[in-house]
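The values are calculated or read from the model by the stated rules, or taken from the named source; none is laboratory data. Note that the coordinates shown come from a computational prediction; the quantities given were computed from them, not determined experimentally. So basically every Cβ, Gly included, is an ideal-geometry build from the backbone, and we count neighbours across all protein chains shown. For accessibility, only protein heavy atoms count, side chains too; no ligands or nucleic acids. Shrake-Rupley method; radii C 1.70, N 1.55, O 1.52, S 1.80 Å.
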Amino acid sequence: MESIRIKIENLADLDILSQQFNIPKKELIDFHNQHCALHEILPDHLPKYLKYLYIPADKQNLWKNKDLLDSRIELPDTPADLTYGVLIKDLSSEIQMYYLVDIHRGNENRTSVTKRKMYVNDQELEQMMEKLAEMASEALYPLDFSLKKNGSPDKILNGKDIQKRWKKECLPRIKQYYVGAIAHDFIGKLDRFYESVDDDPAELYANIFYPVFFLPLYTSYTDYQKTESLSFYFSSIDESVSYDAQFSLQKVFTEHDKILIHLKGEEKDDEEVGGKRGYLNLEYRLDKNTKYISSVEGELSTFYQNGEIKIYIEIYQQKSYI
């Protein structure tokens, strides 16, 4: 059978290639070894030094359709209305939250976010403080902000409108229903938050959805990889945790024609010598054509008072409401 040689530099998974070509892994290895030079002989995995793979010639078109030819991902500039389901689990306390988010992408990288009703452990909010926080969040939405070219938030565009909704609509209603010392302190904290809302998006990062979803994905990946320092806020310990993250852009589209970006990282060293460190493990799938996010899934962890705090997050695009 006639063979062709394809460039596979920076790929490291024969199982993925086997699926793409619909050839059993052993047959793929045997075919390559029959046609390659002696120094290109394959074991049962892809060595990092191997730059080319020999495949049956009739699979060439399949490879071309599956190959991500450019290692730069551009920020989508086409308007779109997107709905995502968001699931966040605190694996230490077994508490999980679920809600829907509507995202409107307009011109000039303008983005508008609206959050729908939240459920905790598959139930509507029951605790007083949970209900109060949910009612207070109504002032934040719709939230309009612009994006940087890499996909991360740049500036909040409707800060004055948010403050007005809080002062004139939400705060009077909350004070009417919630009284007592605990509620008073919490309302004061919320009031300070809304007073500080301006064009700086930093406050958004208290909600882990924003730094995870609006991650700087849209950039160049030298050799299909890049490294970056990332920080995420853990609400259960009221602290931000920083990681040294490695981004890996898969050169081949997934079985369902998605662009795959995998993040792995380790928590940065703290001052405590020998202290345990958490990890970061997130997988992003982007639409092959639009480059919008289709799904995000993964975990983040840190250690606090000798115990591990672990968060699982899943964000997935929905075509319509359930």
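Helix-only arithmetic for the chain: the sum of -39500 (n - 2.57) across DSSP H runs with n ≥ 4, divided by the residue total, places the mean residue ellipticity at 222 nm at -6000 deg cm²/dmol. The residues of region 68-163 have, on average, 53 Å² of accessible surface per residue, using a 1.4 Å probe with all protein chains present.
The label point for residue 244 and the one for residue 35, both projected 7 Å from the Cα toward the Cβ, are 4.1 nm apart. Within the listed set 140, 42, 100, the residue fluctuating most in the Gaussian network model of the chain (springs between alpha-carbon atoms under 10 angstrom) is 42. In summary, region 114-210 shows an alpha-carbon radius of gyration equal to 1.14 times the 2.2 N^0.38 Å reference for compact globular proteins. Of the cross-linked pairs 276/319; 25/251; 160/288; 26/268, those separated by over 30 Å at the C-alpha level are 276/319; 160/288; 26/268.
What base-10 log of the normalised intensity I(q)/I(0) is obtained for the chain from the Debye formula, alpha carbons as equal point scatterers, at q = 0.09 Å⁻¹? Values returned for q = 0.09 Å⁻¹ are -0.59.
Overall form of region 130-169: oblate. Here a/c, set by the Cα gyration tensor axes a ≥ b ≥ c, is 1.5 or more, and a/b is not larger than b/c. For region 279-322, the spherically averaged projection of the C-alpha convex hull amounts to 4.2 nm². Extension gain for residue 236 to residue 168 (0.36 nm times residue separation, less C-alpha to C-alpha distance): 21.4 nm.
Apply 1/(1 + (r/R0)^6) to the Cβ-Cβ distance of residue 109 and residue 220, taking R0 = 22 Å, and write down the FRET efficiency to the nearest 0.05. Taking R0 as 22 Å, the efficiency between residue 109 and residue 220 is 0.75. Computed across region 175-322, the Kirkwood radius stands at 17.8 Å (inverse of mean 1/r, all Cα pairs).
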